[in-house]
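What follows is a single structure, written as structure tokens, with notes after it.
Just so it is clear, none of the values below were taken in a lab; they were calculated from the coordinates. Worth saying up front: this structure is predicted, and the values here are computed from it rather than measured. Here the Cβ positions follow ideal geometry from the backbone for every residue, glycine too, while neighbour counts run over all protein chains shown.
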Amino acid sequence: MKALNESDWPERSRELSQLLARAGLGDRAAFGRLYERTSGHLYAVVLRIQRDRAMAEDLLQEIYVSVWKAAASFDAARSQPLTWLTHIARNRAIDSLRRAQAQPRTESLSADEDDDRPDPHEALASEGPGPLDLLGQASDRRQLTQCMEHLSPPQRQSVALAFYDGLSHAEVAEQLREPLGTVKSWVRRALQTLKGCLERAAVRDDGKAA
Amino acid sequence: MDYANPRLADALAAQYVAGTLRGRARARFETLLPSHPTLQGAVRDWQGRLMPLTGVLPEQAPPARVWRGIQQRLWPALAPLPWWQRLSLWRAVSGAALVAVLGLTVLVASPPPAQAPVVVVLQSTGGDPTVAGSIVASFSGDGRSLVARPLTPVSLQSDRVLELWWAPAQGKPKSLGLMKADGVTLLSRGQLPGGLRGSGIDHMAVSVEPPGGSPTGQPTGPVVFYGKL
């Protein structure tokens with residue numbers, strides 16, 4: 001897990017690690033500062049997946065209650081704090097999803113229901129950037145764009161919908177109007193490509209650092 | 001399934017971290033995780049790969065009620081009201097002002113070390129339900145004298161006294177001496193760690209001890225007040 005050239009993720013690490021360590025010792029003020037520094041990000045992550053604001057607020061409370069309780073077990077040598085926090089947040093948000101709640105989010109996909117092949121960008125229109133745009137921005141920042149171009153647009157789109165918006169394989173399949181098996185293999189392929197890209201980027205960074 | 005197989009572990013961890021492993025498969029995976037180091041390693045690697053992708057999400061400020069709710073869930077006795085309505089806040093503010101005046105008086109009377117005093121408010125921890133209120137402590141600017149005073153007299157059993165402690169972020173507390181439960185205590189040079197800056201003081205606490213103070217050199221009774229520097 002080499003530090004990636006990713007915005008301020010590792011930069012914020014040291015401060016957040018210290019705050020987490022102090023929270024683990026029962027320091028409430030440090031926990032308050034941790035909340036100030038991270039809640040905007042975690043709320044954004046949760047809201048993408050759980051769009052019901054009241055539920056998202058409840059989830060955020062549960063997330064920070066778990067963080068307080070688990071803070072002592074955070075191991076700064078093995079994980080970055082934002083990575084650890086984001087995983088907890090995503091996990092809670094995904095667990096909160098029920099099929100019934102996930103369903104209405106796929107309503108406003110295509111203006112033209114008769115269109116057999118909805119334009120992917122239009123299909124993803126929603127408040128805030130679409131998941132595919134987000135994946136594009138993230139790839140730009142991590143200089144993975146070229147590498148990610150090896151994926152077909154539907155492959156990229158499947159993984160972006162699953163990852164950013166928390167859709168299950170079945171929901172992605174429904175949204176893209178593709179067979180479930182196809183979507184599963186797209187997501188698998190996209191994840192493997194991403195892994196390959198990141199490993200090569202890490203090797204590049206090592207080379208530069210040397 | 002053979003979860004020690006790195007390829008299988010990697011594939012499952014990828015789907016778990018990406019969020020596409022759902023339902024019973026997800027629950028089963030989470031049950032297995034604590035006892036399978038190969039899976040744990042794979043999950044950590046995938047978290048490191050995928051979580052930074054969320055860095056592009058524009059931050060969304062949660063409403064203030066979320067933080068209040070968290071405090072209420074974690075420390076129900078402490079957050080009954082929004083902070084600006086709490087009596088203890090106003091007591092602390094007026095107490096801090098009083099102590100600051102005392103500290104300033106000392107400063108004005110004895111120039112020149114013109115560093116501002118450092119005021120610490122120690123809040124009741126609930127460690128002893130009969131003890132409530134706050135204590136205000138003010139270090140002189142050079143850290144060589146300290147004034148401490150409970151905002152309201154602290155009622156104690158007749159055979160118990162209050163002892164004041166300071167401690168670094170990590171490590172054992174050190175005694176600053178006994179303090180009066182119902183008035184101003186002045187501690188001076190020799191009883192204090194010396195210069196405040198660089199002393200490593202992170203927080204202060206007050207414990208209930210037998211007459212004469214803790215026999216062990218460490219707090220033995222309940223810690224009843226606590227405050228960060």
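What's the whole-number percent of alpha carbon pairs in chain B lying beyond 26 angstrom? So the portion of pairs separated by more than 26 Å is 56 percent. The packing ranking of peptides B:134-143, B:215-224, highest mean first, is B:134-143, B:215-224, where packing means the average number of other beta carbon atoms within 10 angstrom of each residue. Close amide H partners of B:VAL161, meaning residues 5 or more places away or on another chain with modelled amide H under 5 Å apart, are B:GLU209. Proximity of backbone amide H atoms, modeled 1.01 Å from N, is registered between A:GLN50 and no other residue at under 5 Å, excluding neighbours fewer than 5 places apart on the same chain. The alpha-carbon atoms of segment B:125-192 define a convex hull whose volume equals 110 cubic angstrom per residue.
Ordered by the number of other Cβ atoms lying within 10 Å of each residue's own Cβ, fewest first, A:ILE88, A:ILE63 fall into the sequence A:ILE88, A:ILE63.
On the beta carbon distance between B:SER158 and B:THR38, with R0 = 60 Å, the FRET formula returns roughly 0.45.
Take each residue in A:39-49, count the other chain C-beta atoms within 10 Å of its C-beta, and the mean is 5. Calculated [222 nm] ellipticity per residue, helices only, for chain B: -10000 deg cm²/dmol; basis is -39500 (n - 2.57) per DSSP H run with n ≥ 4, divided by all residues, nearest 500. Go ahead and collect, in residue order, the members of segment B:28-62 whose backbone nitrogen is under 13 Å from a label point 7 Å along the Cα-Cβ direction of A:ALA70. Residues B:30-31, B:33-34, B:44, B:47 qualify, since their backbone N sits under 13 Å from the label point. Partner shielding of A:144-153 amounts to 0, given as the average count of beta-carbon atoms from other chains within 10 Å of each residue beta-carbon.
Under the membrane-span-like helix rule (DSSP H runs whose alpha carbons stretch at least 15 Å along the helix axis, mean Kyte-Doolittle hydropathy -0.5 or higher), chain B yields B:6-18, B:87-109. Measuring against 30 Å, Cα to Cα, the residue pairs A:LYS69/A:LYS195; B:LYS180/B:LYS228; A:LYS69/A:LYS184 contain A:LYS69/A:LYS195; A:LYS69/A:LYS184 as the ones spanning a longer distance.
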